[in-house]
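See structure below.
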Amino acid sequence: MTPTTSPTTALPPDSASHSPDGVRTTSGGELSLRRLYVLRFGYLFMSVGLVVVKWPSFVAHHGSWPLDEGIVECILLAMSILALLGLEYPVKMLPILLFESLWKLTWLAVVALPKLLGNGLDAATTDKFTSILFVVVILAVIPWGYVARQYLAAPGDRWRSASAAVTDHRL
């Protein structure tokens, strides 16, 4: 039985090169094996943190949560499961790391920064602020050049069926 290859299969380390943005990629523009392991570390960091902090309270909780707290708990539980999937599929699950980064950076900018610049952080905000600052680990493992090439510069998926596109060109 031969192993299957995937679009994220990396070449040996000596065949990887640096892209213009400094991210190690293979000749086909894929991430190097080393870079895949760095990504896996990010998923491990995220999933272990959520499993240790959130799963015990989720399992031990009885009854109903207040609406907002229940939404947050369920989202974070789902994120931890998706982060575990990221260990196996680090490139395919990149949007999970992007979501994690975006919501935390948004919270820091919209909630924490105004309080910090105003009267200062209260105890509850300081507690959240401290835990949310761990986003720097996730920001550090994301291959930003690859993200820019794949999500910003690359053409998007089509919006119509191929037959509709052919019909439009005939007009």
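The values are calculated or read from the model by the stated rules, or taken from the named source; none is laboratory data. Worth saying up front: this structure is predicted, and the values here are computed from it rather than measured. When we count neighbours, we look across all protein chains shown, and the Cβ atoms used for this are built from the backbone with ideal geometry, even at glycine.
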Q.
Kindly evaluate Leu121 against the criterion of being surrounded by 15 or more Cβ atoms within 10 Å (Cβ to Cβ), in contact with a Lys or Arg (Cβ under 8 Å, 6 or more places away or on another chain) and of a type in the set (A, V, I, L, M, F, W, C).
A. yes
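Of these, Val23, Val38, which one is closer than 21 Å to Ala148 by Cβ and at pLDDT 95 or above?
On the way: Val23 fails: at pLDDT 95 or above.
When all the criteria are applied, what remains is Val38.
Quick one: in region 39-93, of everything that is part of a loop (DSSP other than H, G, I, E, B) and touching a Ser or Thr at 6+ places or on another chain (Cβ under 8 Å), which residue is nearest to Trp107 (Cα to Cα)? Walk me through it before giving the result.
Kept after step one, since they are part of a loop (DSSP other than H, G, I, E, B), are these residues of region 39-93: 54, 61-66, 89-93.
When the remaining residues are screened for being touching a Ser or Thr at 6+ places or on another chain (Cβ under 8 Å), the result is 54, 89-92.
Details: Lys54: 19, Tyr89: 27, Pro90: 25, Val91: 25, Lys92: 25 Å.
Taking the candidates together, the pick is Lys54.
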Q: For Ala112, work out the one condition from (1) surrounded by fewer than 16 Cβ atoms within 10 Å (Cβ to Cβ); (2) among the small types (Gly, Ala, Ser); (3) over 22 Å from Val38 (Cα atoms) it doesn't fulfil.
A: (1)
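Please work out if Val137 is loosely packed, with under 15 Cβ neighbours inside 10 Å and outside any loop (DSSP other than H, G, I, E, B).
Numbers: loosely packed, with under 15 Cβ neighbours inside 10 Å: yes; outside any loop (DSSP other than H, G, I, E, B): yes.
Yes, satisfied.
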Q: Determine which single condition Val51 fails, assuming it passes every other condition in (1) under 22 Å from Pro143 (Cα atoms); (2) at pLDDT below 95.
A: (1)
